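**Student:** Below you will find the structure I want to go over with you.
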Amino acid sequence: MTPKLFSAICCVLICFLQSCALEAQEKKPYNILFLAIDDLRPELGVYGNDIIKTPNLDAIGESGTVFENHYVQVPTCGASRCSILTGMLPSSRELLSNSAIAKIMADAPEGEKPESFVHHLKRNGYYTVGIGKISHSVDGLVYGYEESPEGAKSEMPFSWDEMLFNPGKWGTGWNAFFGYADGSNRQGEKKQVKPYEAANVPDEGYPDGLSTQLAIKKLKELAAKDEPFFMGLGLFKPHLPFTSPKKYWDLYNREDIPLSTAPGLPENVSMSSLQSSGEFNQYALGEEKAGLDHQLSDEYAQKLRHAYFAAVSYSDALVGKVMDELETLGLADNTIVVVWGDHGWHLGDHRVWGKHTIFETAVRSPLIIKVPGLKPQRISSDMPVSSIDLYPTLMELTNIPTNFPLDGQSLVPLLENGKDQDREAMAFSYFRNGISMRTDKYRIMKYFREETPKIELYDHINDPMETKNIADEQPELVKQLLVQLDKGDTGLYNKENK
């Protein structure tokens, strides 16, 4: 063989190997970064709020797909997370509680149907890491707020290769969740605490900062692995207490923060449809108690909204650190990023401070999905979507089959084309003995209770804050919508499921 021929063969071989390597790189499965943010209303710049400071979440939205009307299935932490993790609507009353995940997972076999989409990714080659509050428990273990986690069982025993949490000076996961900057917590102080705090501490002075440190460290390790990864990072804020480093409070002039545009009770409803802000009132040193018989003073309401906005900005800054690391490590071009709020939160809307209703304010939350290579989209309010839709979406994007039933419907057509002719414009939510359905124009609620009215109807074209129940004025429309609502009736309110 002549030197010239040998050189030519070497060049061909090198080109072939480079081509193979490039092809293998192109075919490498997507990584997934799932950012779950507790009690996050769609109060972000990318959702049209020009007061709140959320540049990092806005950047994800501007380069991904923003779902303007995304709805959770249950407006409480554990049950909402159960639905998104399983892709299923709640089918019994016990699946409306914070213990829903522990119940479902305790009964889940490791065989045919996985306990969660994380488990399904894991058994299809993904390395799975959870940090913070992904399921209901903040450290992945099942134990009470005032108990020791020693000996506690895993909440999702089959899903995680690693479940990580650093409780820092707070000692346990639940203490950290309800923690203040000095290391104290709500339960340790017997609820003699305020519902807010602005401490002069760095980001790591609160638990979410420690979780972000863990996430950045873990990303460096995951970048060196051959298999694709799923990493879930669950941030606490803006969940009560509304705590964050003072620098995030200093981003705002309080007088610029608007009050609720619907602070009064809605017309023609039963008080059973609302709630008395019990979680909020557990913070006994708050300046005022909330209740359905009165509004908080404008001064205090504005202070609380300031605290909430600051806590959102804190989480936004932590998201920015993780996204910067993703970019630095060269992972951004092959990683799906999902931003999800586990439900909304009444900030004085309808005299409520908290979640736990099936009104728009409690069940609507942000959903942003950024897929490498797909153009940015904005899915308008004409097409409501649900948390249960994420499971089939991730499976389609990663080419992982599902040979078991899911209630959700893949969002991939919307991600790719901005429309889906096979999707009906409806999303279902459940709580307070009721089923709530959101369409492109209306919200209808059907309650299984003694109190009347049992049907509520809100016109979102003319009344987006749901201030007046018009069911009695629109009997034919109610009749039509109830036929659609029946599609979401899983029987969970039947007597045998109590």
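No lab work stands behind these numbers, since they all come straight from the coordinates. Model, not experiment: these values are computed from the prediction. So basically every Cβ, Gly included, is an ideal-geometry build from the backbone, and we count neighbours across all protein chains shown.
**Student:** If the chain between ASP161 and GLU450 were fully stretched, how many nm would it gain, using 0.36 nm times the residue separation less the Cα-Cα distance?
**Tutor:** Contour length minus the Cα-Cα distance gives 99.3 nm.
**Student:** For the range 308-408, what does the alpha-carbon gyration tensor say about shape, rounded, prolate or oblate, given a ≥ b ≥ c as the root eigenvalues, a/c under 1.5 as rounded, and a/b over b/c as prolate?
**Tutor:** Taking the square roots of the gyration eigenvalues as a ≥ b ≥ c, the range 308-408 is oblate.
**Student:** Round to the nearest 0.05 the FRET efficiency obtained for ASN417 and LYS289 when R0 = 51 Å and r is the Cβ-Cβ distance.
**Tutor:** Efficiency computed from Cβ-Cβ geometry: 0.55.
**Student:** Between rounded, prolate and oblate, where does the range 140-215 land on the alpha carbon gyration tensor, with a ≥ b ≥ c its root eigenvalues, rounded for a/c under 1.5, else prolate if a/b exceeds b/c?
**Tutor:** Oblate is the answer for the range 140-215, as a/c is 1.5 or above yet b/c matches or exceeds a/b.
**Student:** Taking K and R as +1 and D and E as -1, what net charge do the other residues with C-beta under 12 Å from the C-beta of PRO266 add up to?
**Tutor:** Here the count lands on -3.
**Student:** Compute the label zone of LYS191 within the range 333-357: residues whose backbone N is under 17 Å from the point 7 Å along Cα-to-Cβ.
**Tutor:** Hits in the range 333-357 for LYS191 at 17 Å: 353-355.
**Student:** On full extension of the chain, what length is gained from ASN334 through LYS225, given 0.36 nm per residue of separation minus the C-alpha to C-alpha distance?
**Tutor:** Going from the current span to full extension adds 37.9 nm.
**Student:** A further question follows. How much net charge surrounds LYS218 when only the other residues with a Cβ under 12 Å from the Cβ of LYS218 are counted, with Lys and Arg +1 and Asp and Glu -1?
**Tutor:** Counting the neighbours of LYS218, the net charge comes to -1.
**Student:** Stokes-Einstein diffusion coefficient for the chain at 4 °C in a medium of 1.567 mPa s, Rh from the Kirkwood formula over Cα pairs: what value in µm²/s?
**Tutor:** Once the numbers are plugged in, D ends up at 55 µm²/s.
**Student:** OK, next. Under a plain spin-label model, where a point goes 7 Å from the Cα along Cα-to-Cβ, how far apart in nm are GLU267 and LYS217?
**Tutor:** 5.8
**Student:** Cα-Cα over 21 Å: which of LYS113/LYS419; LYS355/LYS479; LYS441/LYS479; LYS218/LYS246; LYS133/LYS194?
**Tutor:** LYS113/LYS419; LYS355/LYS479; LYS218/LYS246; LYS133/LYS194
**Student:** Continuing with this model, one more query. Where does each of 337-346, 157-166 land if you order them by average Cβ count within 10 Å, highest first?
**Tutor:** Output ranking for 337-346, 157-166: 337-346, 157-166.
**Student:** Still on this structure, I have one more. Over the Cα atoms of the range 44-122, Rg to Rh with Kirkwood Rh, two decimal places?
**Tutor:** Dividing the radius of gyration by the Kirkwood radius yields 1.11.
**Student:** Give the angle, between 0 and 90 degrees and rounded to the nearest 10, that separates the Cα long axis of helix 475-485 from the longest principal axis of the Cα atoms of the chain.
**Tutor:** Relative to the chain, helix 475-485 is tipped by roughly 40 degrees.
**Student:** Once you have a ≥ b ≥ c as the square roots of the Cα gyration tensor eigenvalues for the range 389-498, tell me rounded if a/c is under 1.5, and otherwise prolate or oblate according to whether a/b is larger than b/c.
**Tutor:** Because a/c hits 1.5 or more and a/b fails to exceed b/c, the range 389-498 counts as oblate.
**Student:** Give, in nm to one decimal, the length gained when the segment between LYS468 and ASP298 is fully stretched (0.36 nm per residue of separation minus the Cα-Cα distance).
**Tutor:** Taking 0.36 nm per residue and subtracting the Cα distance, the gain is 58.9 nm.
**Student:** Ok, one more. Compute from the Cα atoms of the range 450-497 the Rg and the Dmax, the latter being the longest Cα-Cα distance, and quote both in angstrom.
**Tutor:** Spelled out, the Cα radius of gyration and Dmax of the range 450-497 are 12.9, 39 Å.
**Student:** Sticking with this one: Please work out the Kirkwood hydrodynamic radius for the range 184-263, using every pair of different C-alpha atoms, and report it in angstroms with one decimal place.
**Tutor:** Final number for the Kirkwood radius of the range 184-263 is 15.6 Å.
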